[in-house]
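Visitor: One structure is given below, represented as structure tokens, and several questions about it will come after.
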Amino acid sequence: METCSLPVLNEDAAEIIVEAMAKAVSAGCAILTHEFRGAASRVPVEATAFGLRRDHVLIEILASFPDRSDRLEERRHQHWVRDTRQAFKRIALPGGYPNLLGAGEADRAAASFGPNAEWLAMVKRHYDPGNVFSSAIPLPPDQNPAAAEQLASLHRQARSAAPNSRA
């Protein structure tokens, strides 16, 4: 599974979806869209953990197959998911939906949480110093304070590179 967010579901996005589905490796491949508008985009950034508070479209890229023992099929499906997310990269907003990000994606999590990333990392270190919830959303554990600084640095870079999200 992969995720990204788009500012709008426009012709460019539709072309990417159509091309990706034409290349799908099985009937278990899907691209789901979720539109975030209205009240969800008007909540102040500091009111919740999620930093993306503007109208946008969440893209979920999924691939499933029945036989988990077939490593070749697993790799084919993973490759399709990764290629599909890469196709969206040029039009995607920074980050992705935090709950769908995997381990090792702290940079994308930082971009997703926006200005809340540093605060969330501090809360994580305080309430989960043993990193019990390491398989959840990728935030740095207390055992690695340098990771918190890296996350904060990546967040600052993402913010400076992100287009202005307020009209």
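The values are calculated or read from the model by the stated rules, or taken from the named source; none is laboratory data. Note that the coordinates shown come from a computational prediction; the quantities given were computed from them, not determined experimentally. Cβ atoms come from the backbone with ideal geometry, glycine included; neighbour counts cover every protein chain shown.
Visitor: If ALA27 satisfies all but one of (1) part of a loop (DSSP other than H, G, I, E, B); (2) of a type outside the set (D, E, K, R); (3) closer than 28 Å to SER134 by Cα, what's the number of the condition it fails?
Guide: Result: ALA27 passes all but (3).
Visitor: Can you name the residue in the range 61-102 that is among the hydroxyl-bearing types (Ser, Thr, Tyr) and either at pLDDT below 90 or surrounded by 16 or more Cβ atoms within 10 Å (Cβ to Cβ) (or both) and, of all such residues, is nearest to ALA30 (Cα to Cα)?
Guide: Taking the range 61-102 as the starting set, the residues that turn out to be among the hydroxyl-bearing types (Ser, Thr, Tyr) are 64, 69, 84, 97.
Next cut, either at pLDDT below 90 or surrounded by 16 or more Cβ atoms within 10 Å (Cβ to Cβ) (or both) only: 69, 84, 97.
Values: SER69: 21, THR84: 10, TYR97: 17 Å.
Out of the qualifying residues, it is THR84.
Visitor: Just to be sure before I move on: is PRO140 assigned by TED's automatic domain parsing to the domain that holds ALA24 and either closer than 26 Å to GLY28 by Cβ or modelled with pLDDT under 80 (or both) in the structure I sent?
Guide: No; evaluated as a whole, the condition is false for this residue.
Visitor: Among what's in the range 46-60 and is crowded, with 18+ Cβ neighbours inside 10 Å and touching a Leu at 6+ places or on another chain (Cβ under 7 Å), pick the residue that is farthest from LEU6 (Cα to Cα).
Guide: LEU52
Visitor: So ILE17 clears everything in (1) in contact (Cβ under 8 Å) with a residue 24 or more places away in the chain; (2) outside any loop (DSSP other than H, G, I, E, B); (3) aliphatic (A, V, I, L, M); (4) not assigned by TED's automatic domain parsing to the domain that holds ILE137 except one condition, right? Which one?
Guide: Every condition holds for ILE17 apart from (1).
Visitor: Pairs, please: C-beta under 7 Å, at least 6 apart or cross-chain, first residue over 12 Å from ALA63 (Cα atoms) and in the range 21-34, second assigned to a loop (DSSP other than H, G, I, E, B) and not hydroxyl-bearing (Ser, Thr, Tyr)?
Guide: What qualifies is THR33/LEU9.
Visitor: Which of the following residues is in the same structural domain as PRO7 (by TED's automatic domain parsing), out of contact with any strand residue (DSSP E or B) (no Cβ under 6 Å at 6 or more places or on another chain), under 30 Å from GLU19 (Cβ atoms) and among the aliphatic types (A, V, I, L, M): ALA63, ALA87, ALA111?
Guide: Values: ALA63 fails: out of contact with any strand residue (DSSP E or B) (no Cβ under 6 Å at 6 or more places or on another chain); ALA111 fails: in the same structural domain as PRO7 (by TED's automatic domain parsing).
On inspection, the qualifying residue turns out to be ALA87.
Visitor: Restricting attention to the range 103-133, and to residues there that are loosely packed, with under 13 Cβ neighbours inside 10 Å and of a type outside the set (A, V, I, L, M, F, W, C), which single residue is farthest from ALA49 (Cα to Cα)?
Guide: Out of the qualifying residues, it is GLY130.
Visitor: Filter the range 109-137 for residues that are part of a helix (DSSP H, G or I), in contact (Cβ under 8 Å) with a residue 24 or more places away in the chain and on the phi < 0 side of the Ramachandran plot and give the result.
Guide: Those that are part of a helix (DSSP H, G or I), in contact (Cβ under 8 Å) with a residue 24 or more places away in the chain and on the phi < 0 side of the Ramachandran plot: ALA109, ALA110, ALA111, SER112, PHE113, PRO115, ASN116, ALA117, GLU118, LEU120, ALA121, MET122.
Visitor: State whether one or more residues within the range 38-45 are assigned to a loop (DSSP other than H, G, I, E, B) and surrounded by 15 or more Cβ atoms within 10 Å (Cβ to Cβ).
Guide: No, the range 38-45 has no match at all.
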